[in-house]
Each structure stands twice: as C-alpha cells, then as structure tokens.
Amino acid sequence: MIGLVDLGIGNIRSVEKAINELNFEYKVISTRKEIANAEKLILPGVGSFLAGSQKINDLDIKGILRTKILDERIPFLGICLGMQLLATTGTEGGFVSSGLDVIQGVTSKIKRSSDVKLPHIGWNSVKQNGSILYQGIKDESCFYFVHGFEYNPEDADANVAYVDYHGQIVASIEKERVFGTQFHPEKSQQVGLKLLKNFLDFK
Amino acid sequence: MLRYRVIPIVLIDSFSVLKSIQFGTRRNLGSPITIAKTYNSRNVDELILLDIDASKTGSSIDPFIIRDIADELFMPLTVGGGIRSEVDIEKALKMGADKVSVNTMALNNRDLIPKMIKTFGSQCIVASVDVKKKDQKNYLVHSHTGSCENMDLLDWCRYLNDEGVGEILLNNVDLDGTMSGVDAELIDFVSSSVKAPLIYAGGVGKPNDCVTAIKAGASAIGISSLFHFTNYTPNDCKEIMNINGLPVRL
C-alpha cells in the first residue's frame with residue numbers, strides 16, 4: 001500500500017491528482033497504525049519546518065516513520081517540506097525544532113545578498129546526479145520550486161542534486177531507499193509526473 | 001538558473017471568466033474550466049485565478065471552482081478573491097491551490113499578514129496590490145473599498161515585504177485591459193525596493209512588453225487580455241524573452 005502522509009498542512013490534493021493520473025493506488029494516511037501498514041511512503045508538505053515538526057509531534061508519528069524508513073527500509077519520498085523534515089534539525093525565527101533525523105543535516109533559511117529575490121520561486125533547472133528519480137528525464141530539466149528554506153545534508157553517502165540560484169541549493173536527495181525533492185514534482189508538468197512515476201515504480 | 005515566468009491571469013465573477021478594462025468595463029468570456037484546460041495544454045508556467053467580485057460582496061472565491069480548475073492543472077495555481085481568514089486559506093489549499101493572493105484583507109487588517117505567514121509559510125502568500133498613478137511621480141494603492149485614498153505605494157509594498165510575503169502581485173489599474181504597454185518605471189520603482197519577487201500585471205499588448213517588464217525588474221509577468229483577445233500564446237511571449245537573453249522555460 002502506498003501511503004500518502006497527510007500532516008494537515010498544505011495541499012496534498014495535487015499529489016493525489018498526480019498519483020491518480022499515473023494510475024497507482026494509494027491511501028491518504030496520518031496515524032501510526034496506517035503508517036505501520038504502508039509499503040511505500042510519500043510525505044508532501046508546504047509550510048514552515050516548525051509547523052511540520054509540530055504536526056509530526058502532535059500525530060506522534062516520528063517513531064513509526066523512522067522505523068519504517070530506517071529499519072524496514074521501505075521506499076520514502078519527501079516533497080518540499082517533506083524533504084526538509086528529513087533533517088536533524090530546522091532553525092526558524094530563532095527556534096530550533098527537530099526533524100525526522102533520517103539523513104543528518106540542517107534545514108535553515110536561504111541566505112543571499114540583498115539584491116537577490118527570496119523566496120526561491122519559479123522554474124529552475126536541476127543538474128542531475130544519476131538518481132533513479134531522473135531516469136528518462138533530460139538533464140537540466142526545469143522543475144517548480146517555491147521555498148524560503150533549504151535542507152543541507154551532512155551525510156557523505158547521500159546522493160545530492162543541486163539547482164543554481166545565485167549559489168547552490170539542494171534540489172533532491174537520494175540515499176538508499178530514501179528520496180527527497182525540494183521542488184514539487186506534482187506541479188512540474190510532464191517531467192514532474194515522470195519523476196513521480198520513477199519513484200512509484202521503484203522496488 | 002531561475003527562469004522568468006509568464007503567468008496567465010484568469011479573472012472570474014463567481015463562475016464566469018471575464019476581462020476588465022481599467023478595472024471598469026467588463027467582457028464575459030465563458031467557462032473557467034475550459035480556459036484552464038487550454039492553458040494546461042499550452043504548458044504554461046503557472047496560473048493565477050482571481051474572483052474580482054468576492055471581496056466586494058463579502059464572500060470569497062468559490063472553493064469548488066478552485067477544485068475544478070486545480071484538477072485540470074499540473075502546474076502551480078494561485079487563487080484570490082475575498083480571502084479573509086486562515087480558514088479561507090486552508091480551504092483554498094485543500095481544494096488544490098498552491099498559493100493564495102490577498103488584497104483587501106491585508107489593507108483592512110494588516111496584522112493578519114504575519115499570522116497567515118506564520119501558519120502557512122511565506123511561499124504560500126502573495127500580496128496583490130492594485131496601483132493607480134496619481135500624477136507624474138506618485139503612485140497610490142487602489143482599493144474598491146476606498147480605504148486607502150492616500151496610501152503611498154512604496155510604503156505599502158515595503159510593509160508587505162518586511163512582513164515576509166512570498167511574492168507581490170502588482171496590478172496596474174490604469175493600464176489594465178488597455179494592451180497599450182507596461183509601466184517600466186513603476187516596475188523598477190517597486191522591484192528595486194523589495195526583496196520579494198514581483199509579478200507585474202497590466203497593459204501587456206504584445207510579447208515584447210514582457211521583455212520590457214522583466215528588464216525593468218519583474219520576476220514574472222501576469223497577462224490576461226493578450227491571451228484572451230489575440231492569437232499570441234504564452235510561448236510566443238517566452239520565445240521573444242528567450243531571444244532577448246532572458247532565461248525562460250520553453
């Protein structure tokens with residue numbers, strides 16, 4: 001069962017639509033029991049790290065998510081905030097909150113010089129890194145980004161792809177069976193759908 | 001690097017698409033779903049959907065219209081029209097919108113902006129600002145409620161920027177629907193004073209106007225009349241932008 005984890009913040013409908021378009025069956029889930037039964041997990045999210053971290057606490061699903069991802073090693077895809085939550089911690093407005101700590105690293109605000117527009121919003125080209133996510137997708141294809149924070153993994157074994165926005169930003173990550181995209185594949189037209197299909201097909 | 005965006009703006013009055021001229025005269029253009037389908041098939045960068053009567057009538061953009069349109073799109077959707085509260089935003093997002101545009105709400109109760117941003121994140125909130133030229137040098141914020149008779153545009157944009165809105169959508173009332181060209185001075189004036197990306201709308205009459213707007217400092221250009229009333233497509237605009245050295249997604 002493909003579980004689409006609903007943290008209750010942001011819009012999962014778009015992800016649902018994309019999965020439907022690709023003809024895969026899935027269940028929208030949010031409880032420990034439902035997560036325990038999943039064979040594959042997608043965690044989308046839009047919003048602040050703080051809010052995401054809080055929701056994970058409220059739903060009391062940090063433990064089961066880590067068990068499924070790290071022990072059972074089921075395939076996992078985090079989208080946008082979902083990828084950022086893979087971090088150890090996230091800092092926002094002076095607060096430090098904890099992430100899932102699945103791939104060591106920190107999520108923090110993107111810093112650029114004063115003449116650079118922020119948040120990072122729009123289509124930007126990703127320099128691919130051989131991740132299975134990009135199979136069949138032309139290198140430097142554009143995906144849609146809309147975020148003010150970035151995830152910086154500190155794990156040397158993680159396969160990271162970057163996007164250039166007056167400096168590098170982590171666009172996607174792959175480590176064993178854990179995947180994350182900073183961009184929104186469900187909002188990235190055909191290339192986005194292809195990427196999602198690559199994950200949904202992944203065994 | 002980040003591409004510049006061409007964003008069709010679809011205006012509705014509850015359920016029908018329309019186009020205004022200088023925020024006055026209107027022409028009715030049919031079903032929003034048909035129009036959304038067309039734009040999706042044209043592989044546009046994103047779409048902005050605004051209910052321009054909702055605020056005036058005390059209602060907000062119909063959630064089912066949002067859903068029906070979002071269901072046609074695999075690209076980002078911004079919706080606006082009478083968005084007044086966190087509940088309105090949550091509803092819009094649940095129905096498939098990615099970002100919400102707020103205008104009157106922000107003017108009437110500026111304290112709500114930081115609250116919205118805290119809950120939903122900066123990237124979700126687009127501040128829509130209608131602007132009229134007062135005289136040669138002065139621009140004022142325009143509102144149908146008449147609540148900002150003498151509000152300076154820059155002061156307001158700076159406030160929105162400092163509070164952390166994700167983007168600013170600048171709607172030029174004087175040029176709206178005229179297809180007579182964009183106001184490059186206005187674009188430069190605002191974009192050089194704020195860190196948030198600027199989406200400029202109002203006056204695009206030919207694809208080359210997009211080049212003017214972007215070179216003046218806009219991150220994206222909102223277009224309505226050009227696509228409704230001429231044969232130019234979003235790709236035509238992007239081709240010209242590309243030829244002029246502006247990175248776009250083709």
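The values are calculated or read from the model by the stated rules, or taken from the named source; none is laboratory data. Keep in mind the model is a prediction, meaning the values are calculated, not measured. Note that we place each Cβ from the backbone using ideal geometry, even for glycine, and neighbour counts take in every protein chain shown.
How many of the residues in the range B:93-108 are touching an Asp or Glu at 6+ places or on another chain (Cβ under 8 Å) and more than 10 Å from every other protein chain (Cβ to nearest Cβ)?
Summing the residues that are touching an Asp or Glu at 6+ places or on another chain (Cβ under 8 Å) and more than 10 Å from every other protein chain (Cβ to nearest Cβ) in the range B:93-108 gives 2.
Go over the candidates B:ILE12, B:ILE48, B:ILE66, B:ILE83 one by one and state the one that is part of a loop (DSSP other than H, G, I, E, B), at pLDDT 90 or above, of a type in the set (Val, Ile, Thr) and surrounded by 23 or more Cβ atoms within 10 Å (Cβ to Cβ).
Just a single option satisfies the conditions, and that option is B:ILE83.
Can you name the number of the only condition in (1) assigned to a loop (DSSP other than H, G, I, E, B); (2) within 13 Å of chain A (Cβ to nearest Cβ) that B:LYS137 fails?
Going through (1) assigned to a loop (DSSP other than H, G, I, E, B); (2) within 13 Å of chain A (Cβ to nearest Cβ) one by one, B:LYS137 breaks only (2).
Restricting the search to the range A:98-119, which residues are buried (at least 20 other Cβ atoms within 10 Å of the Cβ) and touching a Leu at 6+ places or on another chain (Cβ under 7 Å)?
A:GLY99, A:LEU100, A:VAL102, A:ILE103
Can you tell me which residues in the range B:241-250 are over 19 Å from A:GLY122 (Cα atoms) and either out of contact with any helix residue (DSSP H, G or I) (no Cβ under 6 Å at 6 or more places or on another chain) or buried (at least 16 other Cβ atoms within 10 Å of the Cβ) (or both)?
B:ILE243
Residue by residue through the range B:176-189, note down the ones that are within 15 Å of the chain's Cα centre (by Cα) and either within 13 Å of chain A (Cβ to nearest Cβ) or at pLDDT 95 or above (or both).
The answer is B:VAL182, B:ILE187.
Answer with yes or no whether B:ASP236 is away from chain A (no Cβ under 14 Å) and over 18 Å from the mean Cα position of the chain (by Cα).
yes
When you scan the range B:146-220 for helices (runs of 4 or more DSSP H) that lie fully inside it, which ones turn up with 2 or more residues that are under 25 Å from B:ASN235 (Cβ atoms)?
Because the criterion is at least 2 residues that are under 25 Å from B:ASN235 (Cβ atoms), the helices (runs of 4 or more DSSP H) in the range B:146-220 that meet it are B:184-191, B:208-215.
Of all residues in the range A:127-155, count the ones that are closer than 26 Å to B:GLY121 by Cβ, touching a residue at least 60 places away in the same chain (Cβ under 8 Å) and touching an Asp or Glu at 6+ places or on another chain (Cβ under 8 Å).
Counting residues in the range A:127-155 that are closer than 26 Å to B:GLY121 by Cβ, touching a residue at least 60 places away in the same chain (Cβ under 8 Å) and touching an Asp or Glu at 6+ places or on another chain (Cβ under 8 Å) gives 3.
Please enumerate the residues belonging to the range B:109-134 that are of a type outside the set (A, V, I, L, M), out of contact with any Pro (no Cβ under 8 Å at 6 or more places or on another chain) and within 14 Å of chain A (Cβ to nearest Cβ).
B:PRO114, B:LYS115, B:LYS118, B:THR119, B:PHE120, B:GLY121, B:CYS124
Could you tell me which residue of the range A:5-53 is surrounded by the most Cβ atoms within 10 Å (Cβ to Cβ), considering only residues that are among the acidic types (Asp, Glu) and in contact with a Phe, Trp or Tyr (Cβ under 8 Å, 6 or more places away or on another chain)?
The selected residue is A:GLU16.
Residue by residue, here is whether (1) assigned to a strand (DSSP E or B); (2) among the aliphatic types (A, V, I, L, M); (3) surrounded by 18 or more Cβ atoms within 10 Å (Cβ to Cβ) holds:
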| site | (1), (2), (3) |
| --- | --- |
| A:TYR144 | yes, no, yes |
| A:ASP155 | no, no, no |
| A:HIS166 | no, no, no |
| A:ILE169 | yes, yes, yes |
| A:LYS203 | no, no, no |
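Residues that are more than 10 Å from chain B (Cβ to nearest Cβ): find the strands (runs of 3 or more DSSP E) completely inside the range A:42-128 holding 3 or more of those.
Filter on the range A:42-128 gives A:76-79, A:89-92, A:95-98, A:105-109.
Just one of B:ASN235, B:ASN242, B:ASN208, B:ASN171 is more than 23 Å from A:SER114 (Cα to Cα), in contact with a His (Cβ under 9 Å, 6 or more places away or on another chain) and among the polar types (S, T, N, Q); which is it?
Matching residue, one of B:ASN235, B:ASN242, B:ASN208, B:ASN171: B:ASN171.
Answer yes if at least one residue in the range A:130-140 is within 12 Å of chain B (Cβ to nearest Cβ) and more than 13 Å from the chain's Cα centre (by Cα), and no otherwise.
For the range A:130-140, residues within 12 Å of chain B (Cβ to nearest Cβ) and more than 13 Å from the chain's Cα centre (by Cα): present.
Is it the case that the range A:170-188 has a residue that's β-branched (Val, Ile, Thr) and either out of contact with any strand residue (DSSP E or B) (no Cβ under 9 Å at 6 or more places or on another chain) or within 10 Å of chain B (Cβ to nearest Cβ) (or both)?
No, because not a single residue in the range A:170-188 is β-branched (Val, Ile, Thr) and either out of contact with any strand residue (DSSP E or B) (no Cβ under 9 Å at 6 or more places or on another chain) or within 10 Å of chain B (Cβ to nearest Cβ) (or both).
For the range A:30-39, indicate whether the set of residues that are of a type in the set (Val, Ile, Thr), in contact with a helix residue (DSSP H, G or I) (Cβ under 6 Å, 6 or more places away or on another chain) and modelled with pLDDT of 95 or more is non-empty.
Yes, some residue in the range A:30-39 is of a type in the set (Val, Ile, Thr), in contact with a helix residue (DSSP H, G or I) (Cβ under 6 Å, 6 or more places away or on another chain) and modelled with pLDDT of 95 or more.
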